[in-house]
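Visitor: Here it is, the structure in full.
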Amino acid sequence: MLLSYWHATLNQPPLTGIDLPPTAGIVVVGAGVVGAATALWLARAGLKPLIIDRYGPAAGASGNNGGILAAGLAENYLAATARYGAATARDLYALSLAGQRLMVELIQQEQIECDLRLHGNLNFAIGEAQLTLAGATVAALQADGFPAQLLDRDAAQELVSIPLGAAVSGARFNPAAGTVHSGRLVYGLIAAAQRYGAQCSWGVTLQRIVVTNNSLRLETDRRSIEVAAAIVAVNAWSGEVLPELAQQIQMVRGQMLCTAPVAPFIACGFDASLTSTGEYGQQVPTSQVLFGGCRAIAPNNDVGVPAGEVSPEVQGALETGLGRLFPTLAGITIERRWSGAMAFTSDYLPIVYHPYSGLFAVGGFSGHGMPFAAIIGRYLAEAVQTGIFPNALTPLRIDRPTLQT
Ligand SMILES: Cc1cc2nc3c(=O)[nH]c(=O)nc-3n(C[C@H](O)[C@H](O)[C@H](O)COP(=O)(O)OP(=O)(O)OC[C@H]3O[C@@H](n4cnc5c(N)ncnc54)[C@H](O)[C@@H]3O)c2cc1C
């Protein structure tokens, strides 16, 4: 397994764990950013959740991602409006904006040292057609009251202290965005949950959920555990635990690289559509550039490919792409490469699933889960106590019209 920058630079004491008990109140399955945030809300409410994970904290997408915490949807706002309808797209964007702000609050309140930097995000436009689209997107976002700015090439260049590539025509700037150290964020959320009474069992794989009269039985590779309620947040692996989700949530490999350190040249996160599946990155405080994307270069866009290894064609495209955005970085030494398991749905929205009393599941963030983790986690923590599906999450229900089965 290739080690991501986040895991390689974690510098955190291990989070304590206990042997899996035979019974528990509320169990959170999956210690990614979503499970971690959910457990924190539960623990803050005094419920002492038990978190279990097949490996440990941030083992999935959350510890292998780009670390961009940006309000917005996986899809461009105009495409989202066409797909979900104007009112739903607006509600979803508002949910992501509230979620991005809530995560910032959690980080600050719990004093999580995860290199949070709130400098926004630059979505570079490549060529005139993309700049026109950026302008229309900014106009639509502003009309709906969301923060967004259109920058021409000169204005975008002002935010970047090395020359932009010739193809960069401008940018859409999202001020409601930041960057984090993804690994330390997940560790910090779980450590905070532990301070409020949460416990963890590491190295436990949930295999099956059996509904009994008054409780749920979670069958794991260690032992079975009877629980009053469970929230399953295993994202790309949702279909392994709940087979009815296997068709809806597909594992997709996302690849990243990390350059050697370069003098600081950009403070905000950035993304672009050099290929149809998109690219994203940030320069971390230790001065390396993390850059990911280019799935379009892989056979079948790396859909269905498990994470772990990387492929030379995608990694080569990432190096070329980085040089197209920032020509002085062409040929730079690459320090490390890794991949992570994204989870895609057919309409690029996560699924919140409530198949029976006491059980909620969430997954399918389609490469854009960071702004949703805190707010969906809070709604799920409330829902598991009340048994009521949250109204705000209605657009994410599994029976929504835009989700193909
Ligand atoms: C390369 C890459 C770049 C990305 N960049 C960004 C970005 O910059 N910004 C952004 O918003 N999003 C990004 N994403 C997406 C984002 O990382 C995810 O949406 C988010 O991390 C999902 O969090 P999660 O907690 O739902 O899932 P995960 O982080 O995948 O966590 C799931 C956990 O469940 C555990 N698990 C799985 N099966 C079982 C089981 N049967 N029993 C017990 N435990 C189990 C796993 O070990 C894992 O720890 C990126 C993803 C990738 C892969």
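The values are calculated or read from the model by the stated rules, or taken from the named source; none is laboratory data. Since this is a predicted model, take the numbers as computed values, not measurements. Here the Cβ positions follow ideal geometry from the backbone for every residue, glycine too, while neighbour counts run over all protein chains shown. To get the accessible areas, we keep the full protein, side chains included, count just its heavy atoms, and leave off ligands, DNA and RNA. Shrake-Rupley method; radii C 1.70, N 1.55, O 1.52, S 1.80 Å.
Visitor: Could you grab me the full set of residues in segment 124-137 that are open to solvent by 20 Å² or more (accessible area, probe 1.4 Å), among the hydrophobic types (A, V, I, L, M, F, W, C) and in a helix (DSSP H, G or I)?
Guide: Hits for segment 124-137 are A129, L131, L133, A136.
Visitor: Could you check segment 59-79 and list, in sequence order, the residues that are without any contact (Cβ under 8 Å) to a residue 40 or more places away in the chain and either touching a strand residue (DSSP E or B) at 6+ places or on another chain (Cβ under 9 Å) or buried (at least 24 other Cβ atoms within 10 Å of the Cβ) (or both)?
Guide: Passing the criteria: only A59.
Visitor: Mind listing just one residue for me: the one in segment 330-368 that is out of contact with any strand residue (DSSP E or B) (no Cβ under 7 Å at 6 or more places or on another chain) and open to solvent by less than 10 Å² (accessible area, probe 1.4 Å) and, of those, farthest from P57 (Cα to Cα)?
Guide: D347
Visitor: Give segment 318-347 a look and list any residue that's within 14 Å of the ligand (Cβ to nearest atom) and either under 13 Å from L290 (Cα atoms) or out of contact with any Phe, Trp or Tyr (no Cβ under 9 Å at 6 or more places or on another chain) (or both), or say none.
Guide: The answer is L318, R336, R337, W338, S339, G340.
A quick yes/no check of all residues on (1) part of a strand (DSSP E or B); (2) more than 19 Å from the chain's Cα centre (by Cα); (3) aliphatic (A, V, I, L, M):
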residue: E244; (1), (2), (3): no, yes, no
residue: Q247; (1), (2), (3): no, yes, no
residue: M251; (1), (2), (3): yes, no, yes
residue: C258; (1), (2), (3): yes, no, no
residue: P264; (1), (2), (3): no, yes, no
residue: G292; (1), (2), (3): yes, no, no
residue: V305; (1), (2), (3): no, no, yes
residue: L322; (1), (2), (3): no, yes, yes
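Visitor: Filter segment 102-123 for residues that are aliphatic (A, V, I, L, M) and open to solvent by less than 40 Å² (accessible area, probe 1.4 Å); which is farthest from P285 (Cα to Cα)?
Guide: Looking at the filtered set, the residue picked out is L102.
Visitor: May I pose another question? Among the residues of segment 83-101, are any open to solvent by 20 Å² or more (accessible area, probe 1.4 Å), modelled with pLDDT of 95 or more and either assigned by TED's automatic domain parsing to the domain that holds A167 or not in a helix (DSSP H, G or I) (or both)?
Guide: The answer is yes, given that some residue of segment 83-101 is open to solvent by 20 Å² or more (accessible area, probe 1.4 Å), modelled with pLDDT of 95 or more and either assigned by TED's automatic domain parsing to the domain that holds A167 or not in a helix (DSSP H, G or I) (or both).
Visitor: Are there any pairs, at least 6 apart or on different chains, whose C-beta atoms fall under 7 Å, with the first in segment 292-319 and closer than 22 Å to I334 by Cα and at pLDDT below 95 and the second polar (S, T, N, Q) and buried (at least 18 other Cβ atoms within 10 Å of the Cβ), and if so, which?
Guide: These pairs meet every condition: G308/S339.
Visitor: Another one. Just to be sure I understand, how many residues within segment 189-207 are within 10 Å of the ligand (Cβ to nearest atom), open to solvent by less than 10 Å² (accessible area, probe 1.4 Å) and of a type in the set (V, I, T)?
Guide: Counting residues in segment 189-207 that are within 10 Å of the ligand (Cβ to nearest atom), open to solvent by less than 10 Å² (accessible area, probe 1.4 Å) and of a type in the set (V, I, T) gives 1.
Visitor: What residue, among those in segment 383-405 that are within 24 Å of A70 (Cα to Cα) and not in a loop (DSSP other than H, G, I, E, B), is most open to solvent (accessible area, probe 1.4 Å)?
Guide: N391
Visitor: Taking only segment 273-289 into account, find how many residues are within 22 Å of L73 (Cβ to Cβ) and either within 13 Å of the ligand (Cβ to nearest atom) or assigned to a helix (DSSP H, G or I) (or both).
Guide: The total comes to 6.
Visitor: Out of all the residues in segment 50-58, is one or more buried (at least 22 other Cβ atoms within 10 Å of the Cβ), out of contact with any Asp or Glu (no Cβ under 7 Å at 6 or more places or on another chain) and among the acidic types (D, E)?
Guide: yes
Visitor: Considering only segment 229-241, state which residues are near the ligand (Cβ under 10 Å from one of its atoms) and touching a residue at least 60 places away in the same chain (Cβ under 8 Å).
Guide: V232, A233, V234, N235, A236, W237, S238, V241
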